[in-house]
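Working notes for the structure below.
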Amino acid sequence: MKKNVVVVCGIVKKRNKFLLTQRAEPRQYRGKWQFPGGGLKTNETILGCLKREMKEELGIEIKNPKFLGRVWEFFRNNHHLIFLCFRCEIKNHGQKIIINKEAKKYGWYSYQQIKTLDFLELTDQFAQAALKF
């Protein structure tokens, strides 16, 4: 039986470049680039999840989240992943990005550069949709 998982992603764009992280774990996704985010917990709001994940993964607070207006679905390893993506801004532009153990590193990439990276499924589609915001 498949498990449904709602995943909330934060898309930060600055000077036509997107903030991505490169996975450190789990092993099968190590080295893959992605937008930061994660699974919605029981009794957690979607925006609460977005804020928590951005704080946990990047050490930043965000503001002005805007839903991209589309839901993406993907099936992986007996999971039905349902993605909700939000364009957002770093709350304080002086905040230093501090990645947690889930990521090896982070970087800023244009949409064209993203298409050349080894990324997790749908990352390029999220970036393309975020270009309109």
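Each reported figure results from applying straightforward, stated rules to the coordinates on display, with no laboratory input. Being a predicted model, the structure only gives us computed values, none of them experimental. Heads up, the Cβs are rebuilt from the backbone with ideal geometry, glycines too, and the neighbour counts pull from every protein chain shown.
For the reader, a short list of remarks on this structure follows.
- Taking all Cα pairs closer than 8 Å and separated by 6 or more residues, the relative contact order of the range 8-87 comes to 31 percent.
- For the range 98-112, the Karplus equation 6.51 cos²θ - 1.76 cosθ + 1.60, evaluated at θ = phi - 60°, returns couplings of 10, 7, 8, 5, 5, 10, 8, 6, 10, x, 10, 9, 6, 4, 4 Hz by residue, with Gly and Pro reported as x.
- When peptides 113-124, 82-93 are ranked by their average number of other Cβ atoms within 10 Å per residue, the highest-first order is 82-93, 113-124.
- All aspartates and glutamates inside 19 Å of residue 104 as judged from Cα atoms, apart from same-chain residues fewer than 8 positions distant: 25, 53, 56, 57, 118, 121
- Long-range HN-HN contacts of residue 121 with modeled amide H, under 5 Å: none
- Karplus-derived 3J(HN,Hα) values for the range 75-86, using 6.51 cos²θ - 1.76 cosθ + 1.60 with θ = phi - 60°, are 10, 8, 6, 6, 10, 9, 8, 10, 9, 10, 10, 10 Hz; glycine and proline are entered as x.
- Neighbour net charge for residue 65 - beta-carbon separation under 12 angstrom, K R +1, D E -1: +2
- Among the trypsin sites (Lys or Arg not before Pro) within the range 10-51, those in coil by DSSP and having at most 12 neighbouring Cβ atoms inside 10 Å are 15, 30, 41.
- Pairs beyond 28 Å (Cα-Cα), from 51/132; 101/132; 13/101; 66/105; 41/96; 55/132: 101/132
- Summary of the geometry: the range 86-129 and the range 1-34, compared by the centres of their Cα atoms, lie 8 Å apart.
- Cα shape, the chain, gyration tensor, a/c 1.5 rule: rounded
- Using R0 = 25 Å, the C-beta based FRET efficiency linking residue 61 and residue 82 works out to 0.50.
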